[in-house]
Amino acid sequence: MRRAGLVVWGAHQVVASIIRPGVTTADIDRAVEAYFAAHGAVPLFKGVPGKVPFPAVCCTSVNDEVVHGIPGVRVLVAGDVVSVDTGCSVDGWCGDSAVTYAVGTVAPETQRLLDCTAGVLALAIELMAVRNRWSDVAAEMAKYVRDHGFSVVENFVGHGIGRKMHEDPQVPNFCTPAFRRNHDFELEPGLVIAVEPMVNMGTKKVRALPDHWTQATLDGRPSAHFEHTVAITETGPVVLTAAPAAGETVGSAA
Ligand code: MG
Ligand code: MG
(Lines give C-alpha, C1' and ligand atoms only; values in the text may rest on other atoms or scores of the structure.)
(Ligands and ions follow the chains in the order given, each with its own letter.)
Protein backbone atom coordinates (compact mmCIF):
# COMPACT_ATOMS: atom_id res chain seq x y z
CA MET A 1 0.00 0.00 0.00
CA ARG A 2 2.94 2.32 0.56
CA ARG A 3 3.93 1.88 -3.09
CA ALA A 4 0.44 2.94 -4.24
CA GLY A 5 0.54 5.81 -1.76
CA LEU A 6 3.86 7.02 -3.15
CA VAL A 7 2.43 7.14 -6.68
CA VAL A 8 -0.58 9.11 -5.42
CA TRP A 9 1.83 11.49 -3.66
CA GLY A 10 3.77 11.83 -6.92
CA ALA A 11 0.57 12.61 -8.82
CA HIS A 12 -0.07 15.48 -6.43
CA GLN A 13 3.43 16.84 -7.09
CA VAL A 14 2.53 16.88 -10.79
CA VAL A 15 -0.68 18.77 -9.99
CA ALA A 16 1.18 21.26 -7.80
CA SER A 17 3.70 21.87 -10.61
CA ILE A 18 1.09 22.72 -13.28
CA ILE A 19 -1.69 24.45 -11.36
CA ARG A 20 -1.91 28.14 -12.24
CA PRO A 21 -4.38 30.62 -13.75
CA GLY A 22 -5.28 29.53 -17.31
CA VAL A 23 -5.06 25.77 -16.66
CA THR A 24 -8.28 23.75 -17.03
CA THR A 25 -9.41 21.03 -14.68
CA ALA A 26 -9.18 18.62 -17.64
CA ASP A 27 -5.48 19.57 -18.01
CA ILE A 28 -4.97 18.45 -14.40
CA ASP A 29 -6.78 15.18 -15.03
CA ARG A 30 -4.78 14.40 -18.17
CA ALA A 31 -1.50 15.03 -16.35
CA VAL A 32 -2.44 12.68 -13.52
CA GLU A 33 -3.69 10.00 -15.93
CA ALA A 34 -0.35 10.11 -17.79
CA TYR A 35 1.58 9.98 -14.51
CA PHE A 36 -0.32 6.89 -13.33
CA ALA A 37 0.26 5.19 -16.69
CA ALA A 38 3.99 5.97 -16.54
CA HIS A 39 4.20 4.38 -13.09
CA GLY A 40 2.25 1.19 -13.79
CA ALA A 41 -0.60 2.34 -11.56
CA VAL A 42 -4.29 1.65 -12.16
CA PRO A 43 -6.54 4.69 -11.66
CA LEU A 44 -9.36 4.00 -9.20
CA PHE A 45 -11.85 6.79 -9.89
CA LYS A 46 -12.51 6.30 -13.62
CA GLY A 47 -15.65 4.23 -14.13
CA VAL A 48 -16.85 4.33 -10.52
CA PRO A 49 -20.55 3.45 -10.86
CA GLY A 50 -23.20 6.13 -10.53
CA LYS A 51 -26.09 7.45 -12.60
CA VAL A 52 -23.28 8.04 -15.08
CA PRO A 53 -19.93 6.28 -14.44
CA PHE A 54 -17.31 8.73 -13.16
CA PRO A 55 -15.46 9.82 -16.32
CA ALA A 56 -12.03 10.89 -15.01
CA VAL A 57 -9.06 9.79 -12.88
CA CYS A 58 -9.35 12.83 -10.56
CA CYS A 59 -12.16 14.67 -8.86
CA THR A 60 -11.59 18.40 -9.30
CA SER A 61 -13.87 20.52 -7.12
CA VAL A 62 -13.57 24.30 -7.53
CA ASN A 63 -14.47 26.93 -4.91
CA ASP A 64 -18.00 26.11 -3.62
CA GLU A 65 -17.73 22.57 -4.98
CA VAL A 66 -17.06 20.23 -2.05
CA VAL A 67 -16.23 16.86 -3.63
CA HIS A 68 -16.75 14.73 -6.76
CA GLY A 69 -16.30 17.56 -9.27
CA ILE A 70 -15.80 16.34 -12.84
CA PRO A 71 -12.73 17.66 -14.71
CA GLY A 72 -13.62 19.64 -17.83
CA VAL A 73 -13.20 22.86 -19.75
CA ARG A 74 -13.36 25.14 -16.69
CA VAL A 75 -10.39 27.50 -16.75
CA LEU A 76 -8.89 28.22 -13.33
CA VAL A 77 -8.42 31.86 -12.41
CA ALA A 78 -6.36 33.54 -9.69
CA GLY A 79 -8.21 33.39 -6.40
CA ASP A 80 -9.81 29.99 -7.10
CA VAL A 81 -9.27 27.00 -4.86
CA VAL A 82 -9.46 23.53 -6.38
CA SER A 83 -9.69 20.29 -4.45
CA VAL A 84 -7.96 17.51 -6.37
CA ASP A 85 -8.77 14.02 -5.11
CA THR A 86 -7.23 10.98 -6.76
CA GLY A 87 -6.35 7.36 -6.12
CA CYS A 88 -4.63 4.44 -7.77
CA SER A 89 -3.71 0.85 -7.15
CA VAL A 90 -0.30 -0.75 -7.56
CA ASP A 91 -0.19 -4.55 -7.68
CA GLY A 92 -3.74 -4.64 -6.35
CA TRP A 93 -3.28 -2.35 -3.35
CA CYS A 94 -4.89 1.08 -3.16
CA GLY A 95 -3.93 4.63 -2.18
CA ASP A 96 -6.21 7.70 -1.98
CA SER A 97 -5.33 11.33 -1.23
CA ALA A 98 -6.79 14.80 -1.73
CA VAL A 99 -5.28 18.29 -1.56
CA THR A 100 -6.97 21.66 -1.98
CA TYR A 101 -4.73 23.94 -4.06
CA ALA A 102 -4.80 27.72 -4.11
CA VAL A 103 -4.64 29.17 -7.64
CA GLY A 104 -2.47 32.24 -7.36
CA THR A 105 -3.24 34.29 -4.27
CA VAL A 106 -6.58 33.64 -2.61
CA ALA A 107 -8.62 35.73 -0.18
CA PRO A 108 -7.23 35.64 3.39
CA GLU A 109 -10.38 33.95 4.74
CA THR A 110 -10.12 31.29 2.01
CA GLN A 111 -6.46 30.68 2.89
CA ARG A 112 -7.53 30.30 6.52
CA LEU A 113 -10.07 27.66 5.41
CA LEU A 114 -7.34 25.73 3.58
CA ASP A 115 -5.00 25.97 6.59
CA CYS A 116 -7.76 24.80 8.95
CA THR A 117 -8.61 21.80 6.76
CA ALA A 118 -4.97 20.74 6.35
CA GLY A 119 -4.56 21.38 10.07
CA VAL A 120 -7.45 19.18 11.12
CA LEU A 121 -6.10 16.31 8.98
CA ALA A 122 -2.68 16.70 10.65
CA LEU A 123 -4.38 16.79 14.06
CA ALA A 124 -6.29 13.57 13.30
CA ILE A 125 -3.09 11.77 12.32
CA GLU A 126 -1.35 12.97 15.50
CA LEU A 127 -4.27 11.85 17.64
CA MET A 128 -4.33 8.41 15.99
CA ALA A 129 -1.05 7.78 17.86
CA VAL A 130 -2.53 8.50 21.28
CA ARG A 131 -6.24 7.66 21.14
CA ASN A 132 -7.68 4.15 21.17
CA ARG A 133 -10.96 4.72 19.36
CA TRP A 134 -11.88 6.72 16.25
CA SER A 135 -14.77 8.49 18.04
CA ASP A 136 -12.28 10.31 20.27
CA VAL A 137 -10.30 11.50 17.22
CA ALA A 138 -13.44 12.53 15.34
CA ALA A 139 -14.82 14.54 18.29
CA GLU A 140 -11.58 16.53 18.52
CA MET A 141 -11.56 17.10 14.74
CA ALA A 142 -15.05 18.60 14.90
CA LYS A 143 -14.07 20.82 17.84
CA TYR A 144 -10.96 22.07 16.00
CA VAL A 145 -13.03 23.08 12.98
CA ARG A 146 -15.73 24.66 15.14
CA ASP A 147 -13.09 26.66 17.03
CA HIS A 148 -11.95 28.09 13.67
CA GLY A 149 -15.52 29.19 12.92
CA PHE A 150 -15.98 26.77 10.01
CA SER A 151 -18.16 23.66 9.58
CA VAL A 152 -17.39 19.99 8.98
CA VAL A 153 -19.30 18.39 6.10
CA GLU A 154 -21.33 15.48 7.46
CA ASN A 155 -22.78 14.04 4.23
CA PHE A 156 -19.44 12.50 3.24
CA VAL A 157 -16.92 10.59 5.34
CA GLY A 158 -13.61 8.75 5.06
CA HIS A 159 -13.33 4.99 4.71
CA GLY A 160 -11.31 1.86 5.17
CA ILE A 161 -9.00 1.10 2.23
CA GLY A 162 -6.97 -1.91 1.10
CA ARG A 163 -7.54 -4.18 -1.89
CA LYS A 164 -10.48 -1.91 -2.67
CA MET A 165 -10.63 1.85 -2.41
CA HIS A 166 -13.79 1.90 -0.31
CA GLU A 167 -13.91 -0.65 2.50
CA ASP A 168 -15.35 -0.68 6.02
CA PRO A 169 -15.30 1.09 8.38
CA GLN A 170 -16.85 4.49 7.67
CA VAL A 171 -14.59 7.25 9.05
CA PRO A 172 -16.58 10.40 9.90
CA ASN A 173 -14.90 13.72 10.69
CA PHE A 174 -17.39 14.39 13.49
CA CYS A 175 -18.84 12.31 16.30
CA THR A 176 -22.42 11.61 17.33
CA PRO A 177 -23.79 9.49 20.21
CA ALA A 178 -25.15 7.07 17.58
CA PHE A 179 -21.66 6.70 16.06
CA ARG A 180 -20.12 5.98 19.47
CA ARG A 181 -22.84 3.43 20.21
CA ASN A 182 -23.10 1.63 16.89
CA HIS A 183 -20.19 2.31 14.55
CA ASP A 184 -17.09 3.20 16.56
CA PHE A 185 -13.89 1.21 15.94
CA GLU A 186 -10.53 0.65 17.59
CA LEU A 187 -7.32 2.11 16.23
CA GLU A 188 -5.35 -1.13 16.22
CA PRO A 189 -2.35 -2.26 14.15
CA GLY A 190 -3.37 -3.49 10.70
CA LEU A 191 -6.14 -0.93 10.26
CA VAL A 192 -5.74 1.29 7.18
CA ILE A 193 -8.14 4.19 6.68
CA ALA A 194 -8.51 7.17 4.36
CA VAL A 195 -8.98 10.20 6.62
CA GLU A 196 -10.55 13.02 4.63
CA PRO A 197 -12.01 16.07 6.34
CA MET A 198 -14.16 18.33 4.16
CA VAL A 199 -14.61 21.77 5.70
CA ASN A 200 -17.00 24.51 4.58
CA MET A 201 -16.54 28.21 5.25
CA GLY A 202 -20.29 28.62 5.83
CA THR A 203 -23.05 26.06 6.19
CA LYS A 204 -22.20 22.37 6.39
CA LYS A 205 -25.09 21.66 4.03
CA VAL A 206 -24.39 20.52 0.48
CA ARG A 207 -26.42 20.09 -2.71
CA ALA A 208 -25.92 17.85 -5.72
CA LEU A 209 -25.37 19.52 -9.09
CA PRO A 210 -27.21 18.22 -12.19
CA ASP A 211 -24.11 16.41 -13.54
CA HIS A 212 -24.95 13.54 -11.09
CA TRP A 213 -21.58 13.83 -9.33
CA THR A 214 -20.55 17.28 -8.15
CA GLN A 215 -21.49 18.23 -4.59
CA ALA A 216 -21.46 21.95 -3.78
CA THR A 217 -22.10 24.02 -0.69
CA LEU A 218 -25.71 25.09 -0.27
CA ASP A 219 -24.72 28.71 0.43
CA GLY A 220 -22.17 29.02 -2.39
CA ARG A 221 -19.28 29.74 -0.03
CA PRO A 222 -15.93 27.89 -0.46
CA SER A 223 -15.05 24.40 0.72
CA ALA A 224 -11.75 22.56 1.24
CA HIS A 225 -10.78 18.87 1.34
CA PHE A 226 -7.56 17.20 2.44
CA GLU A 227 -7.06 13.42 2.60
CA HIS A 228 -4.34 10.93 3.44
CA THR A 229 -4.31 7.14 3.51
CA VAL A 230 -3.06 6.21 7.00
CA ALA A 231 -2.00 2.81 8.39
CA ILE A 232 -1.94 2.01 12.09
CA THR A 233 1.21 -0.01 12.84
CA GLU A 234 2.76 -1.40 16.03
CA THR A 235 4.83 1.79 16.20
CA GLY A 236 2.00 4.21 15.45
CA PRO A 237 0.27 5.78 12.45
CA VAL A 238 2.11 5.82 9.11
CA VAL A 239 0.94 8.15 6.35
CA LEU A 240 1.04 5.98 3.23
CA THR A 241 0.40 8.90 0.86
CA ALA A 242 3.20 11.07 2.31
CA ALA A 243 6.41 12.13 0.54
CA PRO A 244 9.14 9.49 0.10
CA ALA A 245 11.52 9.03 3.01
CA ALA A 246 15.28 8.72 2.48
CA GLY A 247 15.93 5.68 0.31
CA GLU A 248 12.34 5.42 -0.99
CA THR A 249 11.50 6.01 -4.65
CA VAL A 250 8.19 6.35 -6.49
CA GLY A 251 7.57 3.49 -8.89
CA SER A 252 6.12 0.07 -9.28
CA ALA A 253 9.32 -2.01 -9.47
CA ALA A 254 8.73 -5.11 -7.33
MG1 MG B 1 -10.00 10.52 -2.14
MG1 MG C 1 -11.25 8.70 0.00
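The values are calculated or read from the model by the stated rules, or taken from the named source; none is laboratory data. As the structure is a computational prediction, the values presented were derived from the model and not from experiment. Cβ: placed from backbone, ideal geometry, glycine included. Neighbour counts: every protein chain shown. Just the protein is used for accessible areas: all its heavy atoms, side chains included, with ligands, DNA and RNA removed. Shrake-Rupley method; radii C 1.70, N 1.55, O 1.52, S 1.80 Å.
Worth a mention:
- Amide H contacts of V206: L218, each under 5 Å away and 5 or more positions distant or on a separate chain (H built 1.01 Å from N in the peptide plane; Pro and chain starts excluded).
- For M198, residues with placed amide H under 5 Å, excluding near neighbours: V153
- Only aspartates and glutamates eight or more places from K51 in sequence, or on another chain, were considered; those with a Cα closer than 17 Å are D211.
- With the charge dipole of the chain set up from +1 on Lys and Arg Cβ and -1 on Asp and Glu Cβ about the Cα centre, the Cα lying farthest toward the positive end among the listed residues M128, N63, T233 is that of N63.
- Interchain or long-range residues, amide H under 5 Å from Y101's placed H: V82, S83, V84
- Computed about its Cα centre, the charge dipole of the chain is approximately 340 debye, with only Lys, Arg, Asp and Glu carrying charge at their Cβ.
- Modelled label reach - R133, point 7 Å along Cα→Cβ, the range 139-174 residues with backbone N closer than 17 Å: 139-142, 169-174
- Local net charge near D29, Cβ-Cβ under 15 Å (Lys/Arg +1, Asp/Glu -1): -2
- Under 9 Å, Cβ to Cβ, from V67 - net charge with Lys/Arg +1 and Asp/Glu -1: -3
- Here the range 2-239 exposes an accessible surface that is 55 percent carbon and sulfur, computed with a 1.4 Å probe and the other protein chains kept in place.
- Adding -39500 (n - 2.57) for every DSSP H run of four residues or longer, then dividing by how many residues the chain holds, sets the calculated 222 nm ellipticity at -9000 deg cm²/dmol.
- Rounded to whole Hz, the Karplus (6.51, -1.76, 1.60) HN-Hα couplings of the range 83-95, x for glycine and proline: 8, 10, 10, 8, x, 8, 10, 10, 6, x, 10, 9, x
- The 3J(HN,Hα) values that the Karplus relation (6.51, -1.76, 1.60; θ = phi - 60°) gives for the range 48-63 are, in residue order, 4, x, x, 4, 10, x, 5, x, 9, 8, 10, 9, 10, 10, 9, 6 Hz. Gly and Pro appear as x.
- The mean sequence distance of close C-alpha pairs (under 8 Å, at least 6 residues apart), as a share of the length of the range 188-254, puts its relative contact order at 34 percent.
- Relative contact order, percent, the chain [alpha-carbon distance under 8 Å, six or more residues apart]: 24
- Net charge over other residues, Cβ less than 9 angstrom from the Cβ of A194 (K, R count +1; D, E count -1): -3
- Residues in the chain average 43 Å² of solvent-accessible surface per residue, probe 1.4 Å, ligands and nucleic acids excluded.
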